[in-house]
Structures are given as C-alpha cells and as structure tokens.
Amino acid sequence: MVFELLHDCFIPEDSASGFDLLFQLCTHVAQGHLSLAAARLLGASRLLAIEKDSGGVRPIAVGEALYRLVARSLSLQFRATFSDHFEPWQFGVATRGGCETIVHGLRATLDLHPDWVVLQLDIRNAFNIVS
C-alpha cells in the first residue's frame, strides 16, 4: 500500500523523477550503504506521550518513515526466505496463524503432560513492571 501511495505521489514525468530518487535512496539504505551517524538517525524513534484516561501517560515510539518503508519492503521481498529459515522455531515472522499454532501446540503438550503447568506473564509499561 505504501509503495502504491508513494508511486502515485511521484508520478514520473521524466526519468529523474522524485520516485526514481526515492527508489535509489531506499536501495542505498537497504544495502546498508550508510554512515554510522545516518544509520543511527534512521534507527531513532520520535517519542510521544499520550495521556491515559486512567491518569498517567502512555509512551509511544514512532519509527522513522524511511526506515519503516525500507524494512517493510524487505520483509515482503524476503518473506519466503524468512519463513524457510525461522520455521518451526518462531511464530511471528512470515508465519500465518502463528498465535493459533502456539495455542494448539500448547494444548496438545498439556494433554500429553497433565502434570505440567503454564505460567503467563503480563508485562506492562515497556518491561518496567511485571505482574
């Protein structure tokens, strides 16, 4: 969706369009051709403090748009590679129905081992509080 939006924003009128320049920049970033300072800037996030209805604030980190664009493009391009590499040990990257797989696997394991227990932790406030 982002690709199509950017493409529509930079409809090429000539060969040196803004879209072509953005594509070149994204390719440069994806290949890791950045100085350390530029990499740190792209990896930084803008922090927002949103007030909660119950009081206090909720910290929200918004990543750099160019970094997010490149990361999303790479994740889509290499989805099959990630899936082949990480399965069956993880359930979040390029895995459809990952949560369902975990739930059913956990239930099957507990059926086989009725003396086992499951401990669920609710981690709040970006790992500052464990309840």
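For first residues located in the range 24-37 and of a type in the set (Ser, Thr, Tyr), partners that are part of a helix (DSSP H, G or I) and lie 6+ apart or on another chain with Cβ distances below 7 Å do not occur. Just to be sure, is Leu36 loosely packed, with under 10 Cβ neighbours inside 10 Å and not basic (Lys, Arg)? Taking the combined requirement at face value, the residue satisfies it. Test Phe82 against the criterion of being part of a loop (DSSP other than H, G, I, E, B) and either exposed (fewer than 14 other Cβ atoms within 10 Å of the Cβ) or modelled with pLDDT under 85 (or both), and give yes or no. Considered against the rule, which asks whether it is part of a loop (DSSP other than H, G, I, E, B) and either exposed (fewer than 14 other Cβ atoms within 10 Å of the Cβ) or modelled with pLDDT under 85 (or both), Phe82 comes out as no.
Within the range 20-62, the set of residues being within 21 Å of Ser75 (Cα to Cα) and touching a Lys or Arg at 6+ places or on another chain (Cβ under 8 Å) comprises Ala61, Val62.
For the range 32-70, name all the residues that are among the β-branched types (Val, Ile, Thr) and either within 18 Å of Leu22 (Cβ to Cβ) or over 17 Å from the mean Cα position of the chain (by Cα) (or both). Within the range 32-70, Ile50, Val57, Val70 meet the criteria. In the set (1) in a helix (DSSP H, G or I); (2) touching a residue at least 40 places away in the same chain (Cβ under 8 Å), Leu76 fails one condition alone, (2).
The values are calculated or read from the model by the stated rules, or taken from the named source; none is laboratory data. No experiment lies behind these values; they were computed from the predicted model shown. Methodologically, a virtual Cβ is constructed for each residue, glycine included, from the backbone with ideal geometry; neighbour enumeration extends over all protein chains shown.
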